[in-house]
2 protein chains.
Amino acid sequence: MSTAAASNAVAAADFSAAERSAVYRAIFERRDMRHFAGGTVAPDIMRRLLTAAHHAPSVGFMQPWRFVRLSDAAVREQVHALVEAERLQTARALGEREEAFMRLKVEGMRDAAEVWAVALADGRDAHVFGRRTLPQMDLASAACAIQNLWLAARAEGLGVGWVSLFDPLALARLLGMPDGAEPIALLCIGPVHAFYEEPMLQQERWAKRCALDDLLFENRWGTALQTPPPADGPEDPAP
Amino acid sequence: MSTAAASNAVAAADFSAAERSAVYRAIFERRDMRHFAGGTVAPDIMRRLLTAAHHAPSVGFMQPWRFVRLSDAAVREQVHALVEAERLQTARALGEREEAFMRLKVEGMRDAAEVWAVALADGRDAHVFGRRTLPQMDLASAACAIQNLWLAARAEGLGVGWVSLFDPLALARLLGMPDGAEPIALLCIGPVHAFYEEPMLQQERWAKRCALDDLLFENRWGTALQTPPPADGPEDPAP
């Protein structure tokens, strides 16, 4: 494209300060919810969330994501049983943190208005672009789709929780997935009484947010960023 | 928390229609960029992008993401050579699509203002919560972080491209990563002449966006959604 046309396009595409703030607000106020308030999600809103997910980036534009709505009470109950079984297995595997883990609310499947299973499609081996050395990029793409849905839901005032406490083979079997398809998430979606003020696992003192600067290196692992950007900018939220 | 307090929190947390639209705008106008306009990214903006990434959800709040800025020209050139080598390998692996692939611009490492490697930290085995049966959830979390950064960058008027054309072991070695750390992305970040109007791989006819309804099932894989939400809502963008 010509540079002149390109410059115009850039100018037209600028976000206003208010729009920019709204995007950061969704990012900073999004929470991984475990407490839901029942209710329903209107079909047009659910459609918007799924459309947002479908506009995620994907490696080689392969769009590996598939979404299975669990609307049948019996199916949801069977899936919940899988989650409950894995919750107990995880607790045992945690050793000395078993009791602390068992006190946490780790899923909201019975209270959420909607539960959707997200899976990677079968037939993914055909997609080589960007995956020859990193085949797991299909999962990365699907995770971006879920993050899109999550942020859109926050903007709609709806909570989302990503539950990964399940045996993927058992869930695939339960939902009739073909060979090669792979469930990666159970998403609880719906109205909440309130969004946690900080990540629930931080509120419950399970873990603390790391200092950002500890995660940044320059040119070589372990070498601190040499020109650390200013801390506590206006967009740097607490906590 | 009490229901009364919770209700207040919900009311206070509602996004305005304008804020909601801004979030969808970032989601729908974000592009995986390969064409960059050089320039620089101001440190405070770069800090905001990284802060957005760091506020992604993570399984068990493990925050597995690490970011390595490639500011040294020699390092960047060495990393570019890895990408170029993998580009040729991928082309060969694509067989009959080799020529079409070679015509694509698949990375913008030399033109982007900033290049950052993103990696999963070492020592991840200690994190069992949500990963006993799905250990790859650490990658999913890091992908959510990258998607946050991507959307924030779009709102800042900056392009981002996720390059996954590299040998992860070679890149880990080059950047001095410890055993157990795993690079997952090379992010090109910076000013662009223009954002693609649709995904570049669709513009170049490499792939087309799937119809959303083909990706949605109800209760069982292959069973179409029984109550399909209305198509072409106001938030359903073309293409």
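The values are calculated or read from the model by the stated rules, or taken from the named source; none is laboratory data. These figures come from a predicted structure and were not determined experimentally. When we count neighbours, we look across all protein chains shown, and the Cβ atoms used for this are built from the backbone with ideal geometry, even at glycine. Side chains are part of the model used for accessible areas, which takes the heavy atoms of the whole protein and leaves out ligands, DNA and RNA. Shrake-Rupley method; radii C 1.70, N 1.55, O 1.52, S 1.80 Å.
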(request) Tell me which residues, restricted to the stretch B:63-95, are more than 7 Å from chain A (Cβ to nearest Cβ) and either touching a residue at least 24 places away in the same chain (Cβ under 8 Å) or assigned to a loop (DSSP other than H, G, I, E, B) (or both). (result) B:PRO64, B:ARG76, B:GLN78, B:VAL79, B:HIS80, B:LEU82, B:VAL83, B:ALA85, B:ARG87
(message) Among the residues of the stretch A:34-61, what is the count of those that are in contact (Cβ under 8 Å) with a residue 24 or more places away in the chain and within 19 Å of the chain's Cα centre (by Cα)?
(response) 17
(message) For B:MET102, only one of the following conditions fails: (1) touching a helix residue (DSSP H, G or I) at 6+ places or on another chain (Cβ under 7 Å); (2) more than 8 Å from chain A (Cβ to nearest Cβ); (3) open to solvent by 10 Å² or more (accessible area, probe 1.4 Å); (4) in contact (Cβ under 8 Å) with a residue 60 or more places away in the chain. What is its number?
(response) (4)
(message) Being open to solvent by less than 30 Å² (accessible area, probe 1.4 Å) and without any contact (Cβ under 8 Å) to a residue 40 or more places away in the chain is the filter here; which residues of the stretch B:169-193 pass it?
(response) B:GLY176
(request) Among the residues of the stretch B:8-29, write down those that are facing another protein chain (nearest Cβ under 7 Å) and either modelled with pLDDT under 95 or open to solvent by less than 30 Å² (accessible area, probe 1.4 Å) (or both). (result) B:ALA9, B:VAL10, B:ALA13, B:ASP14, B:PHE15, B:ALA22, B:VAL23, B:TYR24, B:ALA26, B:ILE27, B:PHE28
(request) Tell me which of these B:ALA53 doesn't satisfy, since it passes every other one: (1) surrounded by 22 or more Cβ atoms within 10 Å (Cβ to Cβ); (2) in a loop (DSSP other than H, G, I, E, B). (result) (2)
(message) Can you say whether B:ASP111 is within 16 Å of B:PRO183 (Cα to Cα) and open to solvent by 60 Å² or more (accessible area, probe 1.4 Å), as far as the supplied structure shows?
(response) no
